[in-house]
Amino acid sequence: MRVGIVGLGLIGGSLGLALRSRSAARTDSTRNYTILGVSRRSQVCQQAIAIGAADEASVNFDCLATADVVILCTPIAAIEPTVRSLLPHLKSTTVLTDVGSVKASIVETIAPLWPNFVGGHPMAGKAESGLDVAEADLFVQKPYVLTPIDSTPPEAIAIVTEIAKAVGAIVYECEPEAHDRAVAWISHLPVMVSASLIRACLSEPDATIQNLAQKLASSGFRDASRVGGGVPELGVMMACYNQAALRQALLIYRDRLDEMIDCVDRADWDAIEALLTETQAARPRFLQED
Ligand code: NAP
């Protein structure tokens, strides 16, 4: 299968590495993937070929004329303009998919332009971006959400499902709006909460105390602050393209914080213990670890 990847950054590069390493380890029962990369920079094209993320790479879309599938791996804001420039270069049977972290607005915009479009979101990432940090195992055992709509051809869903499985991911299907509400809770809210935690710590007025806190910060703070220290553009995209669901999640989170403040104000340690006992039991269930 000839797979085009547009945007050779962290996600695009990792998909290329994963699919090519799958082809390298090919047995008769697995499919061979040829990766056609597209970047805006020729230096990135050369790098993609050199590290094994693409078989061929180009700065223009002509190379995608023979692609069976094209995966859009640009930032969300670039998806629509990229698709509009790309479509004249594709054969009519080409399946188009994307990896954007929000789905409703993308599916609403792209599906009318290309009926063979399947919205997708691999739930794997890193704080860093770019091809330098791409890795073949990024998607292994991670969820990969597909958001087909009523008009999506079943054959297109089957092809994108096959690709997601080939990179080692676990495939889920849901409606685009359901995806956006769910990721508001477990992806977008955590980024905003973690960023607010970092900002709260920086609000300590006494420089000596803040300095001491920095020295004492260990694994707990490292874990809780990780997603708030990521690439700003991703957080902005989450807020911009998933505004309603994120706002709702933030308001409910603020209610939970107010409950905690109220307990502290009343020195109600039993109530705090009850809350923490509830969350201690709920976390493994939420993460389906038990
Ligand atoms: P990234 O490392 O910055 O890669 C994006 C690539 O897109 C860049 O390397 C760039 O490649 C290209 N690009 C940037 N601006 C562009 C523009 N205006 N027009 C066309 N191409 C452009 O970002 P990423 O983390 O891989 O994210 C890419 C997509 O994956 C986003 O839609 C994001 O929502 C989604 N996603 C990210 C994560 C995550 O944790 N990072 C997880 C799941 C999904 P060239 O400069 O070489 O052209």
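The values are calculated or read from the model by the stated rules, or taken from the named source; none is laboratory data. As the structure is a computational prediction, the values presented were derived from the model and not from experiment. Please note: Cβ atoms are built from the backbone with ideal geometry, for glycine as well, and neighbour counts cover all protein chains shown. When the accessible area is computed, the model is the full protein with side chains, heavy atoms only, and any ligands, DNA or RNA have been set aside. Shrake-Rupley method; radii C 1.70, N 1.55, O 1.52, S 1.80 Å.
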Exercise for the section: Post the alpha-carbon centroid distance, the stretch 173-226 to the stretch 234-290, in whole angstrom. Expected result: 12
Problem - Rounded accessible area per residue of the stretch 135-221, 1.4 Å, Å² - result: 58
Practice task
Compute the long axis of helix 154-166 from its Cα atoms, compare it with the longest principal axis of the Cα atoms of the chain, and write down the angle in degrees, 0 to 90, nearest 10.
Solution key: 70
Problem - the chain: angle of helix 42-51 to the longest principal axis, Cα-based, in degrees nearest 10 - result: 90
Completion exercise
Carbon/sulfur accessible area of the stretch 178-286, % of total, 1.4 Å probe, equals 60
Handout entry: Helix 207-216 vs. the chain, principal-axis angle (Cα, 0 to 90°, nearest 10)
Key = 60
Completion exercise
With +1 at each Lys and Arg Cβ and -1 at each Asp and Glu Cβ, the charge dipole magnitude of the stretch 175-282 around its Cα centre, to the nearest 20 debye, comes out at 500
Handout entry: For the chain, alpha-carbon Rg over 2.2 N^0.38 Å
Key = 1.14
Handout entry: Mean Cα-pair separation over length for the chain, i.e. relative contact order, pairs under 8 Å, 6 or more apart, %
Key = 15
Handout entry: Hits among lysines - C-alpha to C-alpha of K126 under 22 Å, sequence gap 8 or more where chains match
Key = K103, K142, K165
Practice task
Take D132, D258 and sort them by solvent-accessible surface of the protein heavy atoms, 1.4 Å probe, largest at the top.
Solution key: D132, D258
Fill in the blank from the handout: For the stretch 2-174, the percent of accessible surface on carbon and sulfur atoms (probe 1.4 angstrom, ligands and nucleic acids excluded) is 51
Problem - Cα-Cα separations in the stretch 37-139 greater than 17 Å, expressed as whole percent - result: 55
Completion exercise
Averaged per residue, the 1.4 Å probe accessible area of the stretch 1-88, protein heavy atoms only, in Å², is roughly 43
Handout entry: Heavy atoms of C240 accessible to a 1.4 Å probe, total area in Å² rounded to 10
Key = 80
Completion exercise
Computed over the stretch 178-286, the convex hull of the Cα set has an average projected area, in nm², of 8.6
Exercise for the section: Could you tell me which of rounded, prolate or oblate describes the stretch 2-174, using a ≥ b ≥ c as the square roots of the eigenvalues of the alpha-carbon gyration tensor, with rounded for a/c under 1.5 and, failing that, prolate when a/b is larger than b/c and oblate otherwise? Expected result: rounded
Problem - Candidate residues I71, I11: accessible-area rank, largest first, probe 1.4 Å - result: I11, I71
